[in-house]
């Protein structure tokens with residue numbers, strides 16, 4: 001090696017160690033979903049839902065308006081007849097419910113009676 005001051009310092013034979021790359025965590029679900037196409041899709045779906053709801057509401061209002069116009073055109077006799085029909089249907093519905101309740105009560109009592117008989121038989125057999 002050179003002893004003169006004009007000589008450059010000797011280079012080392014080993015290259016410098018590269019610094020390890022910084023560890024970055026993988027993408028989270030939020031970062032995956034927070035992208036432009038996903039945002040566009042989301043707002044498109046929300047907009048379609050709002051539009052459908054609005055159309056449905058308008059259709060309901062239109063139907064109600066037509067129904068009220070029909071009611072205004074009817075004569076008092078027709079209105080009275082419809083009222084009687086509604087009352088008749090309501091009575092039939094109430095009677096049907098009453099019959100169903102009676103049937104259910106009857107079935108429940110029958111079940112309880114059979115259960116008691118079964119328990120009594122078990123008691124007699126166990127003694």
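Relative to the longest principal axis of the Cα atoms of the chain, the long axis of helix 36-73 lies at roughly 20 degrees. Of the residues 14, 35, 23, the one that moves most in a GNM of the chain with alpha-carbon contacts below 10 Å is 14. Over the range 86-127, the Kirkwood radius and the radius of gyration, each from Cα atoms, give a ratio Rg/Rh of 1.45. Principal semi-axes of the equivalent ellipsoid, √(5λ) from the alpha carbon gyration tensor of the chain, are 85, 45, 5 Å from largest down.
Compute the long axis of helix 76-126 from its Cα atoms, compare it with the longest principal axis of the Cα atoms of the chain, and write down the angle in degrees, 0 to 90, nearest 10. So the helix axis and the longest Cα principal axis differ by about 80 degrees.
Since every read-out is calculated from the coordinates, none of them should be taken as a lab result. Being a predicted model, the structure only gives us computed values, none of them experimental.
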